[in-house]
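Undergrad: Just passing along the structure, written as structure tokens.
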Amino acid sequence: MDSLRRWWRNLWRRTARTATAEPSATDPDTAAASRGGVLGIEDDAGRPAPSRRRYTAPPADDDPQREAHLGAVLQALDGRSLSRAELGARVGAADWGPGRLDAVVAHGVGTGVLVETADGAVKARYAD
């Protein structure tokens, strides 16, 4: 306990002494202050600015229309594989808009619900 008290007193004495005295090149505290830094840490002026962090959230999977279309695709497949043209005709994908069937199938494949075969046909991963 005495050593802590002594250290604390010396800390305040050293601060008072360095405030009144000229900076010394041999004293590490005053040498850092003369360089413009604190305790040997130099200013940020010499360092390049850190790069800006980019915070991106994962895409939201809350598109109810896409989920409804994916449900229609799963019902149309009914345990078999179909080509995209046959699948589009079964679900009425012409009314969905251009490229919507491809986007729904890509989402289904990405989430693991659908599987695309080597010949380009689509089937459900798990058949009831």
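Undergrad: Rounded to the nearest 0.05, what FRET efficiency do Y126 and R80 give with R0 = 22 Å and r taken as the Cβ-Cβ distance? Could you check? If you can, show how the numbers build up before the last one.
TA: On the way: r = 13 Å, r/R0 = 0.61.
FRET efficiency, Y126 to R80: 0.95.
Undergrad: Among rounded, prolate and oblate, which fits the range 64-124 when a ≥ b ≥ c are the square roots of the eigenvalues of its C-alpha gyration tensor, a/c under 1.5 means rounded, and a/b larger than b/c means prolate?
TA: The shape class here is rounded.
Undergrad: If you don't mind, another one. For L114, what residues show an amide H to amide H distance below 5 Å, using hydrogens built from the backbone and excluding near sequence neighbours?
TA: The answer is V109, R125.
Undergrad: Also, quick follow-up: So for the pair D95, A118, with labels modelled 7 Å out along Cα→Cβ, what separation do we get in nm?
TA: Result: 3.7 nm between the two label points.
Undergrad: Ranking S3, S83 by Cβ neighbours within 10 Å, fewest first, what do you get?
TA: Ascending Cβ contact count within 10 Å gives the list S3, S83.
Computed from the coordinates by the stated procedures, all read-outs in this text should not be read as laboratory data. Keep in mind that what you see is a predicted model, and the values were worked out from it rather than measured. We place every Cβ from the backbone using ideal geometry, glycine too, and count neighbours over all the protein chains shown.
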